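For reference, the structure is listed below as structure tokens.
The values are calculated or read from the model by the stated rules, or taken from the named source; none is laboratory data. These figures come from a predicted structure and were not determined experimentally. Please note: Cβ atoms are built from the backbone with ideal geometry, for glycine as well, and neighbour counts cover all protein chains shown. For accessibility, only protein heavy atoms count, side chains too; no ligands or nucleic acids. Shrake-Rupley method; radii C 1.70, N 1.55, O 1.52, S 1.80 Å.
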Amino acid sequence: MDTWTADIWNGNEEECKRILSEPGNWEKVPLLFDDKIALGTFVRFKGMIQDMLNPEYYSSNFKIINSENDEFTLHQAKYHSSTKNLKPGEEVVFGDTLMERQILACIPIPGLNEWAKDVTNTNQNTEAQLEENINKRIRLDPACQKYSKEIFIFVYPEDIDSNELKLNQIVEVVGFLDRRTIQEGNGDLEEQSSIAKETHCIHAVQLKLLKALIPDNGEIYKSIWNDAPNIHAELKFVLTQASLGDSLVADYLLFYLVSTIYNRQHDLVPGKFSLNIRGIPHGIGQSYTKHLYSLISYLVVKSEYLPIQIHTMNNMDMIPRKCYTSNRLLNGFLQLSDRTHLVLDETDLQPGNLDSKGMLNLEALKNIISNQQMKYDFTYYGMEYETEIPTLTLSIGKSLLPCDIDIVLKPDPSCSDVEETMKSVHDYLKNQLPFLDKLRKYIAIISTFPFKYEQDILQVIENDFVKMRRADPKNVSGDDLHIFLMISKLIALCSGKNEFDNAIWESGKSLENQRKLRNK
């Protein structure tokens, strides 16, 4: 495969596909992550679809004619952007048959944590990653990050069904590296301009849609499910330490990490689990929240940290916006792929006024948290896009943002030293690297297992809830039933069970009663 070119693929397509489909060969294709790979090389790229450009037409074949002797060679134009290396006296004559190809603008996966990147993408020592992660500088203005490795993917309809593609999907493609000149807008609303720049592009021969970045391996899934009770106990221990000894907060933090939206219907988003941990002591503030985020980023595949501050809200480009000068969708911080854990830190929020941009950003956050939707800015209108972004808000008092569940943090006196407590979590994980790998897989997949509701237990739950309503009609509502069911389902799945029983239902109610009592 190292010597494959677009011409070789065009002339031997079936044989090339057979070789590529053999186990392990896809992974052997070199990843594109630097500028040193030669044009025309067969490469692999993994990224998020940030924009979908208009299709373009190209001539299916062309001739290179030698004007001196009228001899010519016929070439296929598929997987090529231009003709290169013409000799003196040669000219190109394009054929009459036009074909179409779709153009995808892709960026590196936003929020992808270092440990989750392909090993060919990093030379970091595994044992050093947590140390680096805990001590790294958390960026205070994510809007300053520029995606320097934007890649344009050319998708050919006869090879790949482009109808399945949509914004914010994670894709992995293999194809031939090329360069392309594109127009890019500067994004300034008052003075828009467009400049031409050259960027890498890949002519895709095959493409995969990745719903999860954890390998889809039946043996891995079976192993995680069978060992779920032990993994749950270990993860609960880690999260209790990270919650400063508060085991009740650890339960809800675990639910936040593993929860998954399922069976979305219209405005209903079952499985959505936005959490607000409040009551963080004044004295520890961002010192604690940054450590907590760093630990979360070491456990989940994708995550982003956002400090909620007046300056940040008023100046950050959170919402994707269409630039009509360059005909491009400009990236916003909140344009994230599914299952990117978003941690919102309010512990350093100071009094101040939000301007119009700040208000729009605030509404965008509220819309994601409440409805798992975000309205992209197309200047003359807004367009709603569905999201799946689990949100955790960390605050001293009650958050200014909505949430599904809020819980007050009660640190154990023995965990008063934040630095020492988090170091102990670090040391615990560092000494159990194989099990850490299981923790990560468990978080990524445990709530995706099938779950069933037997009619008998549903009848028990219904009768029990009716009694609760009669006993306390002012404080028990239909929303409480939804939360009870969601918590109980997560308790079951986390313990490796795929159905309710009385004990699980009672456990869910007990957790909720403890939380409500504490919050009072």
State whether the residues of the stretch 443-459 include one that is of a type in the set (Asp, Glu), open to solvent by 80 Å² or more (accessible area, probe 1.4 Å) and in contact with a strand residue (DSSP E or B) (Cβ under 9 Å, 6 or more places away or on another chain). yes
Can you name the condition, by its number, that residue 410 falls short on among (1) open to solvent by 50 Å² or more (accessible area, probe 1.4 Å); (2) assigned to a helix (DSSP H, G or I); (3) within 24 Å of residue 289 (Cβ to Cβ)? (2)
Output the residues belonging to the stretch 212-231 that are in a loop (DSSP other than H, G, I, E, B) and open to solvent by less than 70 Å² (accessible area, probe 1.4 Å). 212, 213, 214, 217, 227
When both residues are 6+ apart or on different chains and their Cβ atoms are under 7 Å apart, which pairs have a first residue that lies in the stretch 396-411 and is of a type in the set (Gly, Ala, Ser), and a second that is part of a loop (DSSP other than H, G, I, E, B) and open to solvent by less than 40 Å² (accessible area, probe 1.4 Å)? 399/346
Scan the stretch 409-423 and tell me whether some residue there is touching a strand residue (DSSP E or B) at 6+ places or on another chain (Cβ under 6 Å) and within 23 Å of residue 276 (Cα to Cα). yes
Name the residue that is modelled with the lowest pLDDT, counting only residues in the stretch 194-211 that are open to solvent by less than 50 Å² (accessible area, probe 1.4 Å) and either outside any strand (DSSP E or B) or more than 30 Å from residue 338 (Cβ to Cβ) (or both). 194
Which condition breaks for residue 346 when tested against (1) under 28 Å from residue 113 (Cβ atoms); (2) out of contact with any helix residue (DSSP H, G or I) (no Cβ under 6 Å at 6 or more places or on another chain); (3) acidic (Asp, Glu); (4) surrounded by fewer than 21 Cβ atoms within 10 Å (Cβ to Cβ)? (4)
Residue check: is residue 187 more than 23 Å from the chain's Cα centre (by Cα), at pLDDT 75 or above and in a loop (DSSP other than H, G, I, E, B)? no
Conditions: (1) loosely packed, with under 14 Cβ neighbours inside 10 Å; (2) closer than 26 Å to residue 327 by Cβ. Residue 52 meets all but one. Number of the miss? (1)
Among the candidates 445, 457, which residue alone is of a type outside the set (Asp, Glu), over 30 Å from residue 300 (Cβ atoms) and out of contact with any Lys or Arg (no Cβ under 9 Å at 6 or more places or on another chain)? 457
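A quick yes/no check of all residues on (1) under 27 Å from residue 219 (Cβ atoms); (2) at pLDDT 90 or above:
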| residue | (1), (2) |
| --- | --- |
| 407 | no, yes |
| 417 | no, no |
| 446 | yes, yes |
| 453 | no, no |
| 461 | no, no |
| 469 | no, no |
| 488 | no, yes |
| 511 | no, yes |
Could you grab me the full set of residues in the stretch 475-520 that are out of contact with any His (no Cβ under 8 Å at 6 or more places or on another chain), within 30 Å of residue 224 (Cα to Cα), part of a loop (DSSP other than H, G, I, E, B) and among the polar types (S, T, N, Q)? 498
Going through the stretch 456-484 one residue at a time, which ones are within 36 Å of the chain's Cα centre (by Cα) and of a type outside the set (Ser, Thr, Tyr)? 457, 458, 461, 476, 478, 479, 480, 481, 482, 483, 484
Among strands (runs of 3 or more DSSP E) entirely inside the stretch 16-130, those with 2 or more residues being in contact with a Cys (Cβ under 9 Å, 6 or more places away or on another chain) and modelled with pLDDT of 80 or more are 42-59
